[in-house]
Structure formats: C-alpha cells, structure tokens
1. Over region 415-481, give the accessible area per residue in Å² for a 1.4 Å probe, as an integer.
2. If you take the Cα Rg of region 268-417 and divide it by 2.2 N^0.38 Å, with N the number of residues, what do you get?
3. Once neighbouring chains are kept in place and the probe is 1.4 Å, which whole percent of the accessible area of region 98-162 is contributed by carbon and sulfur?
4. Would you work out the charge dipole size for region 155-280 about its Cα centre, treating the Cβ of every Lys and Arg as +1 and the Cβ of every Asp and Glu as -1, and quote it to the nearest 20 debye?
5. Considering only protein heavy atoms and a probe of 1.4 Å, how much of the accessible area of region 330-425 is carbon and sulfur, as a whole percent?
6. Leaving out ligands, DNA and RNA, and with a 1.4 Å probe, what % of the accessible surface on region 178-224 is carbon or sulfur?
7. If you place +1 on the Cβ of every Lys and Arg, -1 on the Cβ of every Asp and Glu, and leave all else neutral, what size is the dipole of region 189-251 about its Cα centre, to the nearest 20 Debye?
8. Please compute the per residue accessible area over region 225-324 with all protein chains in place, 1.4 Å probe, rounded to a whole number of Å².
Amino acid sequence: MTQKIRVTDDVLRSIPDPGQGAVLPKDGETNILITSALPYCNNVPHLALERRRFQPGHGIDALFIFVELMNTELLQETAALKEGITPRELCDKYHALHKETYEWFDIGFDLFGRTSTAKHTEICQSIYLNLGQHGYLEKQIKDQTYCEGCKKFLADRYVEGICPHCAYVDARGDQCDACSRTLDAIDLIEPRCLINKTHNVVAHSSSHMYFKLDAAQPALEDWIKKSWKKGKWSPNATINADGEIVDARMKSGLKPTPVTRDLAWGVPIPPLGRDDDKEMGGKVLYVWFDAVIGYVSITGEYTPEWKQWWLNPDNVRLYQFMGKDNVYFHTIYFPAMLLADGRNWTTLHHLSTTEYLNYEGGKFSKSKNRGVFGPAAQETGIPASVWRYYLLSTRPETADSMFSWADCIAANNNVLLKNFGNFVNRALKFLSAQYDSVLPESGDAPGPLSPNDALDAEFITDINALLKDYIDAMESVKIRLGLQTVMLISSRGNGYLQASGLNKALMTENPQRCAQVPSYILSCLPTSDALLLQLNAPARVVPEVLSTDILAGHQIGQPDHLFKNIDEKMEQVWKVRFGGDESTKKEEEAPTSKRKAKKAGAVNAGPNTVAVSGPKSPEVIALEAKILEHGQVVRGLKEKKEAKDVIDAAVTELKRLKAELVLLEKSRSLAA
C-alpha cells in the first residue's frame, strides 16, 4: 500500500532496531533512563505491574529497564520446595511466564532481565567492596531468627509475625504491609517459619556486615533536598511538599543496616582483605542490597557500555516508578549506597510513586485467590489495550484506588467504544467508502494546520491547547491526567466531525471541504499499534501543534472496530470467578486474640490487626475524629464539583475508615 508521510526528525518517532545495537545516551540531548517495579519470580505478576507502560514520543532518547528478582531467598527456595523443583528451575519457569504476560500486555521494555547473572554478581560485589574500602561497612554480632525444625537461619521473608509497631498479625520479616515500616525479623512478636508454621523459631547470634547508614546520612540529606526539588518528585513518605524530610528513620537518625545473610541462594560475599573475612565465609548479600543494584546489572546485560547510562549524571536523568511501599529503598537506601560507593553515579531524578490498587472493596490476595492477576487477565477475553486503559485511568497517583469489574466494563463500553473508537472508525470508514481508502487532496500544505473558517479555527485552537496539556502532563509524569487529555482530544474530534457534517452530501456540495475534514482528523489521532495498522503509517511523535503529517495520496489500511462491547452480565461472572474463597475472606476479617493483643501492645488496630480490650480507647476516639474530618473533606469535594475520580477516591477512603472502626469496636466488644 502506498505511504505518503511527512518525514522529518520532529515527526517520525525513532524506534530502535534490535539489529542496530543498543540505545545509548547522546551528549547535549535529553536522555532518560527508566526503571519500573521489581517483581519476584516466584509467582504470577500482580495487575499493578501491568500499569507500567511508557512510550517516549516527544523527541526523547529513553532506555526502559525492567528487573525481575531472582536472588530473593524465601520466594525462591520456599516456592521451589512446594513445587518440588530447584530454585533455578523455579526462576526459569516464572521468568518465562512473566515475560509472556508482559508481552501480551504490550509492555515495551528495552530489556526485561533477571538478577541471577554473572554481571549482577560482578557489579554487586564491586559496590560492596567500595563500601568497605571507604569505611561504610562494619561487623556486628546480633541475634537472627533461627528455625529449629529447618535447622537453619531464616531469611527475612521466611518469617512472619506480629508487627511490633502496629500489631498487624501477618507482618513480613523485612517490612510490614500494614504500616509500611521496614523491620528486622528478630523484632517480630510470635515469629513463625513459613516453611512449616509448627516449627519453633528462636534467636541465635550470628556475625554480619552492616552498611553504616548513619555515616552516610549527612550527604544523603543534602542529596535528597536537591534531587527532590530538581526532579519534582511525586509526594512520598520521605519528603513532603514543602521540602521537609519526614521519614521517621531519618528524623531519629539512620542506623547501620545488615547487608549479609546466612543463606545458600544469593550473591556470595567477596573478601574485604580484613581480619573478619573468615566470619563472612559462606554468606550472601541481603536481598534488598542486591535487588536495587539489579537496575544497573540488567543495563549491563543490555549493553557493555552500561556506564554511559549509570555513571553519567550530567547527561542522563533517572526516572523510577514504584509503589509507595518501596519508597524507602529508592530514596534512602539505594541513593545512600551509591553516594557511599564513591563513583559518580546517575542517581534518582524523578520519583513517581503510586498508592495501592485494591480489589472490589478489599485487597488483592494471591494466597486467598482474590483478584485477577497477570495471566488470568488474558483469559477473560478483555483485550490488552482495554486493560491498559482501565488500569491507567484508575492509577492510584494520589490515593488508593479500587479495581471494579463494573467500572472496567463501563470504561470499555462508554469511553473506549463510544468515544474513542467511534471517533477513529467514523473517519477511516468514510475514507474507505468514499475515497477508495486514499487520502484526497485537501489543499493544505504539509506542516502546522491553518484554519479555513471559524469552525476550523476553534477546532485547531482547542486541539493545540489539549496537546500542550498532554505534553505538560506526561513530562510531569501525571500519567492519568495525560490519558484523560487523550480522551478529551477524542471527544473534541467527535464534535468536529459532527459539526463539519462529514457525509456524501458534503462530498458533492463542497469536495475540498470534505477532503479537509478527514485530513484534520488523521492528524490528531494517537498512534497505538492497532491504529497504526489501520492508518498504514509509522509511529509519529506527539506534535506541539496540530500538523498535517499524513499527506494526500496516502492509502490507509482496512478500517476495523478498535473495541467491542462487553456484556454487562460478565461483571457477576468475573466477580464470582475472582472473588476468592468465602471462608478465607471471613478469616481475613476476623479479629485476632486477646492474648496476642496484650503481648503486642497493639495500637491503631484495624482489619487483620490485634485489637485492644477495655473501655473506649484513644485509638477509637482518634479514628472517630478522623472519620468526621474525612467526611467533611468528601462533602467539600462534592460541593466544589471536583473530578469524579477524586471524589470516588475520597469516598473509598471514608468507607475504609468506617470499616476499620467497625472492626475495632467489634474487637473491643469481644474482648470485654
């Protein structure tokens, strides 16, 4: 088919050909290094990971690295034991499954790698050695969790117990999912071994190397304050909107943190040339020490010139995407490590964090089969493009958001099908039927469009304003806002089509005008893969102003519906299929024992949390006040007629607080 496209550097998007070598940063240009979530390879991926899809389309050189953790002790060894295979076989199995899932979602990484490589070991050990040489490692002898039944020290994620801070009963050995605090497994109350919960877990002393975060803190604080301001970080738990460091660990003073573990699976500890090297024999690097280095090592797998990306802060900006529970490791732990290493590392420029994506009024849970996960999304028959749209439209950028089958179906039927799909299909079908799929001569010169009348002038002005809004949103990493703007462009295009009266009568009465309308429409269409096929056009950058890129004489492909209607009855089908087991849901909501509550000294109780008995507690009073305050916030948002997603997020949070109060009162009643 004939292609006639305006070909200039500012029009066509540069898509690297794998056969032409790796993408490398260019001096004097904007070079962006992008990293995304660190998934574990012991199970299927969560839908949160499917939200990450970045398409540089505005004249920017970018490298997108996605790392899968292979050296995570519990997740590999325990899962391998359950499946009767080795940790390496487990990694291979789930690496292939993850890769297949991401490819189906059309997530375009430059490299999707793993941490079980020689390059990863090499770079991890080099950083460890540099920390030692610069005086940032010290030996400490401390108690570690030891399973008498397994007869071995337990990795952090081999252990669960009651959180010493918030009393959540299923806190992991490295972090509590309820209060998001990092933990030392030895501090858990009533620890239990996840290999066999009947085993007795005790404390045994062991020698380990610790990273002296206290010594790194002064330089780290200076770096955080400069980087936060320069990179315009999204609000997070480390630094607030006023530039004040609010992380409790930093405010009270960072403490040395362990970087080694007594395990068989992981990166071996290299000798430091010190007297205590013998005591470190047979140990491996702690998972969170080597996990974040995976970003670097996977780039090393991508290109031997990895230092051009990671040791080049003057020419490269590092953008990192993650959930809020990983903020500490990316704003404090990893940067402190790179600063203490002594080399001139490319450090975090922009941080984009999200809150939690919940499921139908509760939480996603793999163990309880509650929620839809990566491979199962494909089995629903909902196309990947619809999943991407819905997940991005509900991206929890400022507050927790809720996955809802009803909302997902409505997003497809009412937004994608009736708005965007109608806009695209209407213009292309007219070209196919009336012009034999060939774009007619409209009289408009290639390049920025000039209005022919008041209708055109208003349309061009509106679209140019929306294009600016879109570019501003994406450059500020406000992805949900960017997607909303794309839909506004589609709505405006539909309005222009209607006002222009594009039909056979217009073709007879004013053929030039009839030729101009589809030309204008094709110029403002986004460039998804399915749409490019129908346009018979290459990918193009997002223009700063509406321009004619597809020229007269260009032959389009076969028009087809981009989206199809989803039967609303499927909501109940999917809710039943992915709702989990009723008994486990009841168990999840049940209050925990009075004995555990007393031992934990529980505060801030909630679902799955140890509650406090006795008269009305300060926690109940505080929670009631918080509910009253948040209720006023919701009313204020409604009065101001804020965006629906903002109001919905606030209402969801109010419901969560009320549910927490109900459970807290129920626990108090049972304990009385």
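1. Ligands and nucleic acids excluded, the figure is 47 Å² per residue.
2. Taking N as the residue count of region 268-417, the ratio is 1.41.
3. 45
4. 440
5. Reported share for carbon and sulfur atoms: 49 percent.
6. Details: 910 of 2060 Å².
On region 178-224, the fraction of accessible area on carbon and sulfur atoms equals 44 percent.
7. Here region 189-251 has a charge dipole of around 220 debye.
8. On the way: 4590 Å² over 100 residues.
Heavy-atom SASA per residue in region 225-324 reads 46 Å².
The values are calculated or read from the model by the stated rules, or taken from the named source; none is laboratory data. Please read these numbers as outputs of a predicted model, since none were measured by experiment. Ideal geometry is used to build each Cβ from the backbone, glycine not excepted, and the neighbour counts take in all protein chains shown. Keep in mind that these areas ignore ligands, DNA and RNA; they rest on the heavy atoms of the full protein, side chains included. Shrake-Rupley method; radii C 1.70, N 1.55, O 1.52, S 1.80 Å.
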